[in-house]
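Asker: One structure, pasted below without further comment.
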Amino acid sequence: MIRALLRSTNALSRPYLFSSQRLLSSIDLKTDARARTFFDHVLTQLVAAQAGNLSVPSEQISYWQRIVTLSRQLDEAGEQERELQTLSKENDDAEFRQLAEKDLAACKSDIETLEARLAEAIVVPDENDFLSKCQLEVTCGSGGQESMLFANEIFTLYDSYARFRGWSFGIMQYDTSDMGGLRYGLAAVEGPGAYRALKFEAGVHRVQRVPVTDKSRVHTSTISVAVLPEPEHPEVVLKRSDLTVETMRASGPGGQFVNTTSSAARVTHLPSGVAIHCMESRNQHENVEKAIRRISAILLQRQIDSVHDKVTTARKLQVGTKGRSEKVRTYTYKDDRITDHRIRQSFNRIAEVLQGTEAFDEIVQVRENNCVFVLQTAVGPFSPPFQVAVTL
């Protein structure tokens, strides 16, 4: 084929993860002056970082590298398109022109694919997506003991998924019921891409099944999930001078030790009034640090909320009232079906999904990659120029 006479573009035909993503853009990434300015800026930043003249997280460097690679591939494909157009117009041989036009159509298809991949690479849904730490909480809702049992299953699911992804999953609070259910669970998750992957789990999860507590009929129960980004350096979010620390004796199981030492701690952030009580560890210092981490995550989320003109905390926005009518995902055991209501898509194999491995990862990836992105046009000097609007 005529394309073989030109530069090889095998890389353009490779399948890619985001092939089904809808990208809405009015920008021609091949020719738009603002886009070209951005690509030049990214290349400059990347070269500076690789030379050690710019200190940025490794995730930021990977972000720049992907954009530079794809923009170069798009430039090469655009040049090939122009060469094929010239061959098609200037050659008098009908068969040759037919071959050139066929290759030109294939080249244009590859360009569309590259533009979609490049647009996806440019868009950063959340500036906190680069954070490797987040705090995940699971709370029982409507449904009594059945809700607590389901909450425990989902909390265990996230623990397993963290191991599957190679993340750490540190339990900060775990309040169980007599039947083995979970009233409230809080964990600190840390690893590359942890917040970006888990943030879409936030909301009300509903389960419809015959519970072990009442086998006479199908019950509907709910739990709520909240995911808060945790800053890499809590001191950036809050000042130690704004905190008060109270120590007290812990209560509950754990032997005489917890009742005779002042290991529990309550930390209060005076400007906001946020107070966290922690007694998970026998070490007072560890409890204080855990409480500070929790407060810093809450305050960071409040800062994010204020940017988006939200007036309540992210936790309230995420978990709602925990009523049965509110839902982001429903687990219907009778039909072995999981429905994600925000992307209007269903999945099967509930038992496999709850194992927290490949089946659940498939849902996470689909949820992450099916947001509707809107590219905008303002180029910032040190940040991605295309801000994102996510339609849930």
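Asker: Looking at this structure, is Leu114 crowded, with 22+ Cβ neighbours inside 10 Å, in a helix (DSSP H, G or I) and in contact with a Pro (Cβ under 8 Å, 6 or more places away or on another chain)?
Answerer: The answer is no for Leu114.
Asker: Go over the candidates Val189, Val204, Val227, Val210 one by one and state the one that is of a type in the set (A, V, I, L, M, F, W, C), touching a residue at least 12 places away in the same chain (Cβ under 8 Å), touching a Lys or Arg at 6+ places or on another chain (Cβ under 9 Å) and surrounded by fewer than 20 Cβ atoms within 10 Å (Cβ to Cβ).
Answerer: Val210
Asker: Would you mention how many residues in the stretch 70-104 are closer than 26 Å to Glu120 by Cα and out of contact with any helix residue (DSSP H, G or I) (no Cβ under 8 Å at 6 or more places or on another chain)?
Answerer: 5
Asker: Would you call Ser160 within 20 Å of the chain's Cα centre (by Cα), surrounded by fewer than 21 Cβ atoms within 10 Å (Cβ to Cβ) and within 17 Å of Ile338 (Cβ to Cβ)?
Answerer: yes
Asker: Turning to a different aspect of this structure: For the structure I just gave you, tell me whether Ala119 is in contact with a strand residue (DSSP E or B) (Cβ under 6 Å, 6 or more places away or on another chain) and over 18 Å from Thr44 (Cβ atoms).
Answerer: Taking the combined requirement at face value, the residue satisfies it.
Asker: Same structure again: Just the residues that are among the small types (Gly, Ala, Ser) and at pLDDT 95 or above, please, taken from the stretch 324-355.
Answerer: Ala351, the sole residue that qualifies.
Asker: Could I ask something else about it? Within the stretch 32-54, identify whether any single residue is of a type outside the set (D, E, K, R), touching a Pro at 6+ places or on another chain (Cβ under 6 Å) and closer than 25 Å to Gly193 by Cα, and answer yes or no.
Answerer: yes
Asker: For the stretch 130-137, check the following and say yes or no: at least one residue is assigned to a helix (DSSP H, G or I) and under 27 Å from Gly203 (Cβ atoms).
Answerer: For the stretch 130-137, residues assigned to a helix (DSSP H, G or I) and under 27 Å from Gly203 (Cβ atoms): present.
The values are calculated or read from the model by the stated rules, or taken from the named source; none is laboratory data. Note that the structure is a prediction, hence the values are computed from the model and not measured. Here Cβ is always computed from backbone atoms with ideal geometry, including for glycine, and neighbour counts include all displayed protein chains.
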